[in-house]
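Accompanying notes for the structure given below.
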Amino acid sequence: MKKTRYISAVVAIWMMAAIPVLAQEDNGFKKFDVREDFTENGFQWFHDAELLAAGNRDKSNAMTIGWGGIGTLWGRTALTVYVAEKRYTKEFMDKAEYFTVMAFDVKDSQVLRYMGTKSGRDGDKAAALGLHTAYTANGTPYYTEAAMVIECRIMYAAPFDPQHFKSDVPKNMYANFPAGVHSMYIGEVVNAWKK
């Protein structure tokens, strides 16, 4: 009898743990290996604009990003994103262990436009757009309407130090940039899903 209860408890715990993992599949996503099956042009992908999200089940925020990098670092598959000092999402990134980067279909360009021009300080941007927030097994927010979701665990985070700018490109960028200097967040890719 005790053994049966123990096995039932183990199965119940396993099923509860499996539910968030299956959430992506329930929303039409299939897991994929970014090293083998990421087919986007890494030099163009961020230029096309993606969404960055961070937070937890209590509170989260997302913003449009047009800067980023894909590659390897410290023997890991890595994705780098940049968030300006005064952006609301930075508060979430600074507290987060994980973040997601989401790609949307071209027809959803109004999502990227809205997320890039409105602040989450002024209201729930996802709700305003009718987006549905879901969570990975790690509790990282993403939107079920996305075409691709990449989840990363933050390995490194630091603001740019203007004394190390070596050319006029960053100097000119920040000369009249009201959002402040960007911070760099390097994440190890831990999961990826696409529709």
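The values are calculated or read from the model by the stated rules, or taken from the named source; none is laboratory data. Here the structure is a predicted model, which is why all the values come from computation and not from measurement. Here the Cβ is made from the backbone with ideal geometry for all residues, glycine too, and neighbour counts use every protein chain on show. Note: areas computed on protein heavy atoms with side chains; ligands, DNA, RNA excluded. Shrake-Rupley method; radii C 1.70, N 1.55, O 1.52, S 1.80 Å.
Counting Lys and Arg as +1 and Asp and Glu as -1, what is the net charge of the other residues whose Cβ lies under 15 Å from the Cβ of Val34? Provide the component values of the computation, followed by the final result.
Working: positive: Lys30, Lys31, Arg35, Arg76, Arg153, Lys194; negative: Asp33, Glu36, Asp37, Glu40, Glu50, Glu151, Glu188.
Around Val34, the surrounding residues sum to -1.
With every protein chain left in place, what is the accessible area per residue of region 17-157 in square angstrom, probe 1.4 Å?
Values: 7510 Å² over 141 residues.
Dividing the accessible area of region 17-157 by its residue count gives 53 Å².
From the square roots a ≥ b ≥ c of the eigenvalues of the alpha-carbon gyration tensor of region 39-123, which class results: rounded (a/c under 1.5), prolate (a/b over b/c), or oblate?
oblate
Obtain the nm distance between the two label points defined at Tyr174 and Glu97 by a simple spin-label model: each point lies 7 Å from its Cα along the Cα-to-C-beta direction.
Using points 7 Å along Cα→Cβ, the separation is 3.1 nm.
Using packing as a proxy for protection, rank 170-180, 134-144 so that the peptide with the highest average count of other Cβ atoms within 10 Å comes first.
134-144, 170-180
Simple spin-label model, 7 Å along Cα-to-Cβ: Ala157 to Asp124 in nm?
2.4 nm
Can you compute the modelled spin-label distance between Lys86 and Thr39, with each label point 7 Å from Cα toward Cβ, in nm?
4.2 nm
Roughly how many whole Å is it from the C-alpha centroid of region 49-123 to that of region 127-195?
Region 49-123 and region 127-195 have Cα centres separated by 4 Å.
Out of these labelled values of Rg and Dmax of the Cα atoms in Å, (1) 18.5, 74; (2) 16.7, 56; (3) 20.2, 72, which was calculated from the coordinates shown here?
The value matching this structure is (1).
Taking a 25 Å limit on the Cα-Cα distance, which of the listed pairs Lys86/Lys194; Lys30/Lys90; Lys86/Lys171; Lys125/Lys171 fall beyond it?
Pairs exceeding the cut-off: Lys86/Lys194; Lys30/Lys90; Lys125/Lys171.
Could you give the length gained by full extension between Lys31 and His47, i.e. 0.36 nm per residue of separation minus their alpha carbon distance, to one decimal place?
3.4 nm
Where does each of Trp67, Trp45 land when they are ordered by accessible area, with a 1.4 Å probe and the largest first?
Details: Trp67 105, Trp45 10 Å².
From most accessible down to least: Trp67, Trp45.
All other residues with a Cβ under 14 Å from the Cβ of Ala137 taken together, and with Lys, Arg as +1 and Asp, Glu as -1, what is their net charge?
-1
What ranking do 84-90, 181-187, 148-154 get when scored by the average of other Cβ atoms within 10 Å per residue, highest first?
Going from most to least packed, we get 148-154, 181-187, 84-90.
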